[in-house]
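The structure appears below as structure tokens.
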Amino acid sequence: MFLPVTGHHGDEGKETGRRSRALKIAGLALAGTLVLGAGAAGWAYWHLSDNITGVDIDNALGDDRPPKPVTTPAPSAPALPSEALNILVLGSDSRSGRENRRLGGGDSSGARSDTAMVVHLDAGRTSATVVSIPRDTLVTRP
């Protein structure tokens, strides 16, 4: 009985070795890409988080403020506020700094209003509604 010859027996080992080597290279390239991607994501998170600063508004406003109301504590557990409440939320942006000069910003000091939102808490505090007011919108104040 004759069997057909399909190739040399030594070629199969070389092909398997090449395939294994290619898979190792692809795996290392993928691992390197993942490490670089994770590093870039970590750097971006750190960079964005480092740009956020806060201001203690009580110290910024100073001492020239109305006195705080004095309330007598209730003997039972404190009740939740029952009235609706509107809160104005403002964010500020500065135009000073080296980065803004490169973008065409000036040397002006101080902060400008950048974000304005009105938060409405309904009576009983079961829901809240937020309305964002676009920057540079002119409105008549009551």
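Rule-based calculations on the coordinates, nothing more; no lab input. All values derive from a computational prediction rather than experimental measurement. Positions of Cβ are backbone-derived with ideal geometry, glycine not excepted, and every protein chain shown enters the neighbour counts.
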* Net charge of neighbours whose Cβ lies under 10 Å from the Cβ of residue 84, counting Lys and Arg as +1 and Asp and Glu as -1 -> -1
* Ordering of 42-55, 19-32, 116-129 by burial proxy (mean other Cβ atoms within 10 Å per residue, highest first) -> 116-129, 19-32, 42-55
* Structure fact -> Summed over the other residues with a beta carbon less than 13 angstrom from that of residue 22, with K and R at +1 and D and E at -1, the charge totals +4
* **Using a Förster distance of 22 Å, the FRET efficiency for residue 64-residue 115 (Cβ separation, nearest 0.05)** => 0.25
